[in-house]
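The values are calculated or read from the model by the stated rules, or taken from the named source; none is laboratory data. What you see is a predicted model; the values in this text were computed from it and never measured. Please note: Cβ atoms are built from the backbone with ideal geometry, for glycine as well, and neighbour counts cover all protein chains shown.
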Amino acid sequence: MNQLVGRTGFCIHPRDALKKIPKVGGTKSVNLEKIRALAPTHVIVNIDENTKETADALAGFVPNVIVTHPLAPLDNLALYRQIGHAFKVQEKAEALCVRYEIEYGKIRAVSFKAKKVLYLIWKDPWMTVSRDTYISRTLALVGLETLPEAAAARYPKLDSLDVKGVELILLSTEPYRFGEKHRKELEGETGLPIHIIDGEMTSWYGPRAIAGLGYLARLSASL
């Protein structure tokens, strides 16, 4: 952790170790001057989470801007190696690869019953995920097939909550903090089974994705 000089407000693990690390804003509202004052040699950005304008501005004063964009579960392997190479911790990166491949192999050995799901990430307006996303492809590993099948946007807004063909609604705990209140309201409105799902386990690539595979396997088996 002695190499880490700054983080966004969403970078929260491991909690105890990060308490003293300065925050530099959110993913969409990065405080460039705070970053400049911290004088990092490397900054990690993500195509989905950070704007191109932010990345371009950072490139003006940070020597190494590392761009990430995982789109499928196995992209974690390339991500581990990318970060491992950048920070000269290749052995640790390969150890993560081994752990991920073991958990991935366990999932691939199971035949999950397919379920059509609506995975909601926001309210007012309702927002979901297209199949061209890391989240959707990760859910598909355990038989949870997201709807709609086709969408113009990767994170489409829904004019109305169309549940045609939906067997199950999943309310993610992030980025919107869906909770039990929302679950009960939607259950009454739609008559469908509604489940709260840990958004970290579905959308956080990197080391947390290893735990995510086991979590999703258990969740799917319980539905």
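Couple of notes before you dig in:
- Selection of the range 178-209 for residues being farther than 19 Å from residue 129 by Cβ and either in contact (Cβ under 8 Å) with a residue 40 or more places away in the chain or not in a loop (DSSP other than H, G, I, E, B) (or both) yields 180, 181, 184, 185, 187, 188, 189, 207.
- When residues of the range 2-25 are limited to those that are among the small types (Gly, Ala, Ser) and either farther than 16 Å from residue 174 by Cβ or surrounded by 14 or more Cβ atoms within 10 Å (Cβ to Cβ) (or both), the one modelled with the highest pLDDT: 6
- Set side by side, the residues 52, 34, 28 differ, and just one is farther than 29 Å from residue 135 by Cα, exposed (fewer than 14 other Cβ atoms within 10 Å of the Cβ) and not aliphatic (A, V, I, L, M), which is 34.
- Screening residue 124 with (1) touching a strand residue (DSSP E or B) at 6+ places or on another chain (Cβ under 8 Å); (2) in the same structural domain as residue 195 (by TED's automatic domain parsing) gives one miss only, at (1).
- Only a single criterion out of (1) in the same structural domain as residue 193 (by TED's automatic domain parsing); (2) modelled with pLDDT of 95 or more; (3) not aliphatic (A, V, I, L, M) is not satisfied by residue 149, namely (2).
- Options 96, 71, 120: the member that is out of contact with any His (no Cβ under 8 Å at 6 or more places or on another chain), touching a residue at least 40 places away in the same chain (Cβ under 8 Å), of a type in the set (A, V, I, L, M) and closer than 19 Å to residue 198 by Cβ: 120
- If only residues of the range 67-103 that are among the β-branched types (Val, Ile, Thr) and buried (at least 16 other Cβ atoms within 10 Å of the Cβ) are counted, the one that is farthest from the chain's Cα centre (by Cα) is 83.
- Members of the range 69-118 that are among the basic types (Lys, Arg) and touching a strand residue (DSSP E or B) at 6+ places or on another chain (Cβ under 9 Å): 115, 116
- Selection of the range 157-173 for residues being of a type outside the set (A, V, I, L, M, F, W, C), outside any strand (DSSP E or B) and crowded, with 16+ Cβ neighbours inside 10 Å yields 167, 173.
- Residues that are in contact (Cβ under 8 Å) with a residue 24 or more places away in the chain and assigned to a loop (DSSP other than H, G, I, E, B) within the range 102-117 comprise 110, 112, 113, 114, listed in sequence order.
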